[in-house]
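Okay, structure first, notes after.
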Amino acid sequence: MNSNLLADNPRPPVATRALRTKAELRAAVAAAKRAGQTVGLVPTMGYLHEGHLSLIRAARVECDLVVMSLFVNPTQFGEGEDLDRYPRDEERDLRLAGEAGADLVFAPTVEEVYPDGLDRFATYVEVTGSLTDVLDGDPSRRGPEHFRGVTTVVAKLFNLVDPDVAYFGQKDAQQAAAIRRMVRDLDFPVQIEVLPTVRELDGLAMSSRNAYLGPEDRERATALSRALTAAEHGARAGSLGMGLEAARRELTAAGIEPEYLEARDAETLERVHALEQRPVLVLVAAQVGAARLIDNALIQPTDINLQS
Ligand code: AMP
């Protein structure tokens with residue numbers, strides 16, 4: 001090839017091609033498996049940020065074939081939620097996913113995932129009970145249907161990809177707990193890895209929905225992570241109750257009334273009132289301007305001053 005041609009057409013930055021169909025996805029994964037490769041799966045709804053990329057990078061280190069899915073899943077959105085305005089930029093996502101180490105991006109249409117239409121889709125995977133009917137699953141909030149949508153689409157992805165490892169973010173702690181439970185209850189042969197929340201420099205947990213924040217609300221939104229830090233400090237230094245009070249003061253000072261601010265067992269999501277030997281999650285959700293934001297802090301037993 002003429003070298004000028006190369007100079008005129010430099011290879012674009014690593015861009016991953018989008019696979020649109022389940023058949024293409026299955027064929028690509030099957031070829032890798034025949035070659036003895038291990039497969040990692042990173043499910044996302046796109047509009048990628050460093051949180052997503054941290055999952056892809058971890059998969060890149062640990063697996064031979066890294067598959068990212070990019071699908072804004074309608075069955076996990078309730079009526080009146082932001083399905084239609086959820087931010088999207090597929091071209092950028094493909095480039096960033098490729099640069100972070102994804103080999104394949106599965107970016108199907110809604111029709112490909114739900115070919116009989118959403119109204120006629122009939123089989124759901126639902127983790128019932130206290131993992132999914134509290135916090136975001138409370139019927140007054142997103143409701144258990146939200147998690148039913150998540151576990152259903154993740155189960156479909158597991159069936160399509162049959163990954164050795166699947167990667168999720170601690171940012172969505174309740175979602176991660178529900179997926180772990182589904183995998184245990186239904187014997188999915190996949191290892192679940194939950195990786196730490198990636199934050200902006202000022203502490204705000206990265207989220208595709210941060211795009212909804214105007215400058216003033218973006219500033220106010222930092223109160224969520226400050227509240228969680230206050231909760232952690234208060235819990236270590238005094239009591240969980242003091243920590244939660246300190247957290248609430250941070251939110252109030254920023255004019256934020258949380259939908260919930262609660263301490264729960266990190267695995268069962270049962271309410272806890274005192275710090276004992278098990279990891280505790282402090283979880284917060286709040287509407288800040290146009291964005292509904294969630295965040296949480298994981299307090300490990302080793303962090304806890306059990307004397308007090
Ligand atoms: P989403 O595209 O919002 O569905 O997120 C896809 C995956 O990325 C989920 O497992 C999320 O928990 C994870 N994730 C989202 N935000 C972050 C973050 N700030 N840090 C780490 N993981 C994240």
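Observations on the structure shown:
- Across segment 42-84, the qualifying residues are those that are touching a Lys or Arg at 6+ places or on another chain (Cβ under 7 Å) and within 8 Å of the ligand (Cβ to nearest atom), and the one among them that is nearest to Ala30 (Cα to Cα) is Gly46.
- Filtering segment 32-91 to residues that are in contact with a Ser or Thr (Cβ under 8 Å, 6 or more places away or on another chain), of a type in the set (Phe, Trp, Tyr) and over 16 Å from Val105 (Cα atoms) leaves only Tyr86.
- Restricting Asp103, Asp136 to residues that are closer than 30 Å to Glu259 by Cα and in contact with a strand residue (DSSP E or B) (Cβ under 9 Å, 6 or more places away or on another chain) narrows the list to Asp136.
- Glu126 of a type outside the set (Lys, Arg), surrounded by fewer than 22 Cβ atoms within 10 Å (Cβ to Cβ), touching a helix residue (DSSP H, G or I) at 6+ places or on another chain (Cβ under 8 Å) and within 23 Å of Ala285 (Cα to Cα): yes
- Filtered residues of segment 113-133 (kept if within 11 Å of Pro144 (Cβ to Cβ) and of a type outside the set (Ser, Thr, Tyr)): Glu126, Val127, Gly129, Leu131, Asp133
Here's the yes/no breakdown for (1) open to solvent by less than 10 Å² (accessible area, probe 1.4 Å); (2) out of contact with any Ser or Thr (no Cβ under 7 Å at 6 or more places or on another chain); (3) not in a helix (DSSP H, G or I):
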| site | (1), (2), (3) |
| --- | --- |
| Arg209 | no, yes, no |
| Glu216 | no, yes, no |
| Leu224 | yes, yes, no |
| Thr229 | no, yes, no |
| Ile256 | yes, yes, yes |
| His273 | no, yes, yes |
| Val282 | yes, yes, yes |
| Leu298 | no, yes, yes |
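- Selected residue (only one of Val272, Val280, Val194 is among the hydrophobic types (A, V, I, L, M, F, W, C), in contact (Cβ under 8 Å) with a residue 40 or more places away in the chain and closer than 21 Å to Ala177 by Cα): Val280
- Meets criteria (buried (at least 19 other Cβ atoms within 10 Å of the Cβ) and more than 15 Å from the ligand (Cβ to nearest atom)) for Gly137: yes
- Leu131 being open to solvent by 20 Å² or more (accessible area, probe 1.4 Å) and either over 19 Å from the mean Cα position of the chain (by Cα) or of a type outside the set (Ser, Thr, Tyr) (or both): no
- Residue within segment 14-29 that is among the hydrophobic types (A, V, I, L, M, F, W, C), under 27 Å from Ala211 (Cβ atoms), loosely packed, with under 15 Cβ neighbours inside 10 Å and more than 16 Å from the ligand (Cβ to nearest atom) present: yes
- Within segment 151-194, the set of residues being open to solvent by 30 Å² or more (accessible area, probe 1.4 Å), within 14 Å of the ligand (Cβ to nearest atom) and not basic (Lys, Arg) comprises Gln170, Asp172, Gln175, Glu193, Val194.
- Residue within segment 256-265 that is within 30 Å of Asp164 (Cα to Cα), within 16 Å of the ligand (Cβ to nearest atom) and out of contact with any strand residue (DSSP E or B) (no Cβ under 6 Å at 6 or more places or on another chain) present: no
- Hits in segment 144-182 - residues which are within 17 Å of the chain's Cα centre (by Cα) and not in a helix (DSSP H, G or I): Val165, Ala166, Tyr167, Phe168, Gly169
- Residue within segment 198-207 that is in a strand (DSSP E or B), surrounded by 18 or more Cβ atoms within 10 Å (Cβ to Cβ) and either touching a His at 6+ places or on another chain (Cβ under 7 Å) or at pLDDT 95 or above (or both) present: yes
The values are calculated or read from the model by the stated rules, or taken from the named source; none is laboratory data. Since this is a predicted model, take the numbers as computed values, not measurements. Note: ideal-geometry Cβ built from the backbone for every residue, glycine included; neighbour counts use all protein chains shown. Heavy atoms of the whole protein, side chains included, go into the accessibility calculation; ligands, DNA and RNA do not. Shrake-Rupley method; radii C 1.70, N 1.55, O 1.52, S 1.80 Å.
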